[in-house]
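To start, the structure itself, in structure tokens.
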Number of protein chains: 2
Amino acid sequence: MAKNTTSNKTTPKKITQKITKRNAFYAQSGGVTAVINATACGIIETAQQNKDKIGKVYAGRNGIIGALTEDLIDTSKETKKTIAALKHTPGGAFGSCRYKLKSIEDNRAEYERLIEVFKAHNIGYFFYNGGGDSQDTANKVAQMSQEVGYPLICIGVPKTVDNDLPITDNCPGFGSVAKYVAISTREAGLDVASMSETSTKVFILEVMGRHAGWIAAAGGLAKDQENDPPHIIIFPEIAFDQAKFLRKVKSTVKKCGYCVVVVSEGAHYADGQFLADAGSKDAFGHKQLGGVAPMLANMVKQELGYKYHWAVADYLQRAARHIASGVDVEQAYAVGKAAVEFALAGKNAVMPTIVRKPSKKYAWTIGEAKLADVANIERELPRNYITRDGFGITDLAREYLEPLIQGEDYPPYKNGLPQYARLKNVAVTKKLSNKFKLR
Amino acid sequence: MAKNTTSNKTTPKKITQKITKRNAFYAQSGGVTAVINATACGIIETAQQNKDKIGKVYAGRNGIIGALTEDLIDTSKETKKTIAALKHTPGGAFGSCRYKLKSIEDNRAEYERLIEVFKAHNIGYFFYNGGGDSQDTANKVAQMSQEVGYPLICIGVPKTVDNDLPITDNCPGFGSVAKYVAISTREAGLDVASMSETSTKVFILEVMGRHAGWIAAAGGLAKDQENDPPHIIIFPEIAFDQAKFLRKVKSTVKKCGYCVVVVSEGAHYADGQFLADAGSKDAFGHKQLGGVAPMLANMVKQELGYKYHWAVADYLQRAARHIASGVDVEQAYAVGKAAVEFALAGKNAVMPTIVRKPSKKYAWTIGEAKLADVANIERELPRNYITRDGFGITDLAREYLEPLIQGEDYPPYKNGLPQYARLKNVAVTKKLSNKFKLR
């Protein structure tokens with residue numbers, strides 16, 4: 001229909017098609033990952049394969065904010081090659097945001113605005129790619145559209161490095177962080193081991209996971225033999241006990257000559273206070289916004305006198321597309337593809353999930369969860385994934401985690417550096433005259 | 001000669017061989033790297049290829065300390081496969097140490113002890129793999145052996161992530177850190193860019209390099225186009241100016257929406273005080289052993305109010321064998337191989353260097369430097385490698401750095417993790433009755 005070569009007449013059939021063929025809206029939400037763009041790629045490519053049913057895929061510039069402000073990106077302006085390159089590009093190619101919509105009761109205007117923008121751009125499909133909060137938002141948008149009688153199919157698409165969504169066996173984004181943390185722990189462990197005789201005895205690696213210890217647990221995969229690092233993992237699920245920790249550090253240094261600690265940023269005392277917040281003020285009396293790694297390192301130095309090093313991986317871990325898990329990339333693409341297929345099958349207010357098959361060899365398939373069942377639930381690391389002493393992972397945890405870091409999906413390189421997609425991100429012409437004021 | 005099957009008689013010829021064929025001693029010194037074991041591999045394999053001239057290669061357990069305490073590792077007890085795997089194994093496989101021998105005048109006993117141990121184990125070749133300090137030590141050992149009339153060939157082998165050795169175009173170990181830092185900057189930059197609308201506006205990555213800014217400069221390779229990250233690099237070669245820095249952060253956030261900073265751990269004020277030391281004490285009045293990244297992040301927050309994230313790569317950067325530079329691995333192996341070839345050619349008190357050929361396409365060869373010319377000299381980043389404003393790298397720097405990060409030499413993987421060599425490190429039976437007390 002693009003090239004109008006055969007006829008200038010618009011047949012009734014074509015009109016029908018124009019009306020029934022509706023556009024899609026896609027937005028990235030919350031902290032980005034090494035593979036969230038692989039999900040975007042899955043959505044856009046699958047929509048393109050169904051051109052008879054889905055028109056254009058518009059992406060929200062900076063997530064849902066793009067919808068509220070009518071700042072839409074026309075993904076059809078990118079080349080096929082660029083869209084394909086999203087599969088190996090970290091970060092959020094269209095921009096993400098930390099902006100949680102309030103409840104419909106508390107801010108009805110936001111939901112009405114979304115529907116207004118969707119209507120103006122003939123958007124019939126809403127794909128929201130994020131964690132628990134985002135699934136909640138997608139569910140509310142689904143409710144609202146039914147309430148006002150605007151036909152909109154709302155599909156949540158899972159993403160979170162924290163791996164804390166319920167129902168789905170795991171979350172796209174997690175496997176790659178897990179792989180990065182396991183590899184980094186193994187590599188830094190070898191470094192410390194070689195330095196320990198005369199220099200560094202304790203190495204502390206801080207990883208993400210404010211409420212759940214999945215990422216810290218992944219550090220445990222670095223260990224192959226009993227005395228291998230990491231020797232201590234500190235989980236948010238286990239209250240931090242300073243005396244016990246220091247005893248364990250000391251006995252480990254005695255036994256192995258050195259001690260490698262992986263600590264979750266969410267490590268906290270029994271009273272709930274985060275270790276990262278516990279301490280120190282700077283010379284001006286301002287609270288020191290340290291990390292938990294330097295805080296623990298100071299503790300070790302002061303109480304045990306060991307020389308230490310510490311690292312805080314921060315964004316490096318969740319952006320590390322250069323060493324993404326092959327399984328993770330595949331699953332991230334698959335949930336995007338499934339989201340479009342769900343929409344085309346007329347499903348609504350659901351989210352594709354990863355289902356682990358009960359086979360001995362790891363195998364997975366795509367399942368389906370109701371958004372209402374996913375929204376706002378955080379899945380912690382089960383207690384039986386953590387060793388009795390609270391400092392390691394069990395075989396059960398290993399069985400769960402290991403398949404998720406399989407495969408190396410290397411990006412292409414040029415001049416020694418990975419070549420990541422560079423999008424034009426062309427704006428869709430605005431159709432509404434009124435502006436929306438964000439909170 | 002190992003299997004005594006043909007004859008039990010020891011012919012005169014064999015005796016001569018036994019006397020002339022002498023063993024080699026190899027030690028790793030100072031901070032280890034992702035490729036120092038590739039150098040070890042080059043030395044051991046090349047020695048094995050010259051079995052008629054070199055006996056066994058003994059490694060010092062924990063570097064030169066192993067020689068002083070007569071704690072030698074018999075590398076011939078490892079399989080060929082394990083030795084080959086050293087080429088892709090980070091850390092120091094035999095242990096390294098931070099132990100600088102004093103001058104001969106100040107501690108003659110140490111040098112005499114080395115000679116004593118070497119004599120006891122028929123060691124005729126001394127390969128010392130380290131930075132400037134180690135080259136100095138190797139040179140002194142060469143002097144001492146001549147002085148006491150013990151025939152010993154001393155070859156220094158370059159290694160340092162800091163890239164601060166003179167004469168050699170670059171140092172094995174640096175290219176891989178450079179690649180890691182450039183990739184991490186690019187990846188984290190994409191992450192921050194996607195979050196900046198509502199969340200993180202400033203990201204600060206702290207990298208190694210206490211006295212020279214080579215590693216920080218490598219972060220600059222992440223930039224392909226004008227507004228790409230990193231937007232600011234802080235070098236130890238340029239005194240830190242807080243007001244100028246904050247102005248640049250502010251203008252960058254205005255222009256690009258976010259700001260990525262790469263800072264060398266050696267960043268300091270005009271009076272020489274390190275930024276990392278400048279600040280804060282904890283609640284107990286102890287000096288806060290922060291890093292420079294959190295210190296700068298606090299500064300940005302307090303003065304400009306931007307939300308920030310920071311990362312400290314620490315050992316992760318120099319242990320990151322999973323993304324080692326192909327050129328670096330090749331050169332690390334080559335200097336090991338050349339060291340043995342130099343020794344067999346009768347050269348003494350020299351170090352193999354990397355020589356950049358004057359061709360348009362990057363090409364290199366092995367050169368030779370006298371240890372006396374290398375010892376204790378630190379090479380800083382030239383001023384014309386840094387942009388006029390002090391916050392970036394020039395095209396000249398890029399031309400120098402780019403070839404060093406070429407190629408991806410991936411290690412083998414099993415179960416989602418790199419498989420690194422695991423050595424037996426079998427001790428050589430001691431021959432001396434006296435023990436040596438380390439300082």
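Among the residues of the stretch B:29-66, those that are among the small types (Gly, Ala, Ser) and more than 21 Å from the chain's Cα centre (by Cα) comprise B:Ala47, B:Gly55.
Which of the residues spanning the stretch B:188-211 are at the interface with chain A (Cβ under 7 Å from one of its Cβ atoms) and either surrounded by 24 or more Cβ atoms within 10 Å (Cβ to Cβ) or at positive phi (or both)? Give the steps one after another, and end with the answer.
Applying the first criterion (at the interface with chain A (Cβ under 7 Å from one of its Cβ atoms)) to the stretch B:188-211 yields B:188, B:190-195, B:197-199, B:203.
Residues satisfying the conditions are B:Ala188, B:Leu190, B:Asp191, B:Val192, B:Ala193, B:Ser194, B:Met195, B:Phe203.
Restricting to the stretch B:52-79, name every residue that is free of Cβ contacts under 8 Å to residues at least 24 places away in the same chain and part of a loop (DSSP other than H, G, I, E, B).
Restricting attention to the stretch B:52-79, the residues satisfying the condition of being free of Cβ contacts under 8 Å to residues at least 24 places away in the same chain are B:76, B:79.
Matches in the stretch B:52-79: B:Thr79 only.
Scanning for something modelled with pLDDT under 95, of a type in the set (Ser, Thr, Tyr) and over 30 Å from B:Ser184 (Cβ atoms), does the stretch A:84-99 turn up at least one residue? So far as the stretch A:84-99 goes, no, none of its residues is modelled with pLDDT under 95, of a type in the set (Ser, Thr, Tyr) and over 30 Å from B:Ser184 (Cβ atoms).
All but one of (1) touching a Pro at 6+ places or on another chain (Cβ under 9 Å); (2) modelled with pLDDT under 95 hold for B:Glu368; state the number of the condition that does not hold. Going through (1) touching a Pro at 6+ places or on another chain (Cβ under 9 Å); (2) modelled with pLDDT under 95 one by one, B:Glu368 breaks only (2). Only residues that are under 30 Å from B:Pro403 (Cα atoms) and in contact (Cβ under 8 Å) with a residue 40 or more places away in the chain were counted across the stretch A:379-422, and they come to 11.
Looking for something within 14 Å of another protein chain (Cβ to nearest Cβ), assigned to a loop (DSSP other than H, G, I, E, B), under 18 Å from B:Asn23 (Cα atoms) and not small (Gly, Ala, Ser) - is there at least one such residue anywhere in the stretch B:92-109? Step through it out loud before you land on a result.
Taking the stretch B:92-109 first, the residues within 14 Å of another protein chain (Cβ to nearest Cβ) are B:92-101.
From what's left, assigned to a loop (DSSP other than H, G, I, E, B): B:92-101.
Pick out the ones that are also under 18 Å from B:Asn23 (Cα atoms) and you get B:94.
If we keep only those that are not small (Gly, Ala, Ser) as well, we get B:94.
Scanning the stretch B:92-109 turns up at least one residue that is within 14 Å of another protein chain (Cβ to nearest Cβ), assigned to a loop (DSSP other than H, G, I, E, B), under 18 Å from B:Asn23 (Cα atoms) and not small (Gly, Ala, Ser).
Being among the hydroxyl-bearing types (Ser, Thr, Tyr) and out of contact with any strand residue (DSSP E or B) (no Cβ under 8 Å at 6 or more places or on another chain) is the filter; apply it to the stretch A:34-89 and report the residue that is nearest to A:Ser176 (Cα to Cα). My answer is A:Thr89. Checking each residue in the stretch B:276-296 for being buried (at least 24 other Cβ atoms within 10 Å of the Cβ) and either out of contact with any Pro (no Cβ under 9 Å at 6 or more places or on another chain) or at pLDDT 95 or above (or both) picks out B:Val292, B:Ala293, B:Met295, B:Leu296. Screening A:Val312 on (1) buried (at least 24 other Cβ atoms within 10 Å of the Cβ); (2) outside the structural domain of A:Met295 (by TED's automatic domain parsing) shows it passes everything except condition (2).
Given the condition closer than 19 Å to A:Thr39 by Cβ and under 17 Å from the mean Cα position of the chain (by Cα), answer yes or no: does some residue in the stretch A:353-367 qualify? Yes, the stretch A:353-367 contains at least one residue that is closer than 19 Å to A:Thr39 by Cβ and under 17 Å from the mean Cα position of the chain (by Cα). A:Leu396 satisfies every condition listed in (1) within 19 Å of the chain's Cα centre (by Cα); (2) more than 10 Å from chain B (Cβ to nearest Cβ); (3) hydrophobic (A, V, I, L, M, F, W, C); (4) part of a helix (DSSP H, G or I) except (1).
Every condition in (1) over 21 Å from B:Ala59 (Cβ atoms); (2) in contact with a strand residue (DSSP E or B) (Cβ under 7 Å, 6 or more places away or on another chain); (3) in the same structural domain as B:Asn23 (by TED's automatic domain parsing) is met by B:Ser103 except one, and the failing one is (2).
Checking each residue in the stretch A:403-439 for being modelled with pLDDT of 95 or more and either away from chain B (no Cβ under 14 Å) or within 30 Å of A:Arg247 (Cβ to Cβ) (or both) picks out A:Val426, A:Ala427, A:Val428, A:Thr429, A:Lys430, A:Lys431, A:Leu432. Close Cβ contacts (under 9 Å, 6 or more residues apart or on different chains) running from residues in the stretch B:247-262 that are surrounded by 24 or more Cβ atoms within 10 Å (Cβ to Cβ) to residues that are in a strand (DSSP E or B) and at pLDDT below 95 are absent.
Take A:Ile393 and decide whether it is surrounded by 15 or more Cβ atoms within 10 Å (Cβ to Cβ), more than 26 Å from B:Gln419 (Cα to Cα) and β-branched (Val, Ile, Thr). So A:Ile393 fails the test. Among the criteria (1) free of Cβ contacts under 8 Å to residues at least 40 places away in the same chain; (2) closer than 27 Å to A:Leu381 by Cα, the one A:Ser145 does not fulfil is (2).
Whether any residue in the stretch A:199-220 is free of Cβ contacts under 8 Å to residues at least 24 places away in the same chain and more than 28 Å from the chain's Cα centre (by Cα) is what I want to check.
Scanning the stretch A:199-220 turns up no residue that is free of Cβ contacts under 8 Å to residues at least 24 places away in the same chain and more than 28 Å from the chain's Cα centre (by Cα).
When B:Ala363 is tested against (1) hydrophobic (A, V, I, L, M, F, W, C); (2) surrounded by 12 or more Cβ atoms within 10 Å (Cβ to Cβ); (3) without any contact (Cβ under 8 Å) to a residue 12 or more places away in the chain, only condition (2) is not met.
The values are calculated or read from the model by the stated rules, or taken from the named source; none is laboratory data. Quantities reported herein were computed from a predicted structural model and do not represent experimental measurements. Glycine also receives a Cβ, built like all others from the backbone with ideal geometry; neighbour counts cover every protein chain displayed.
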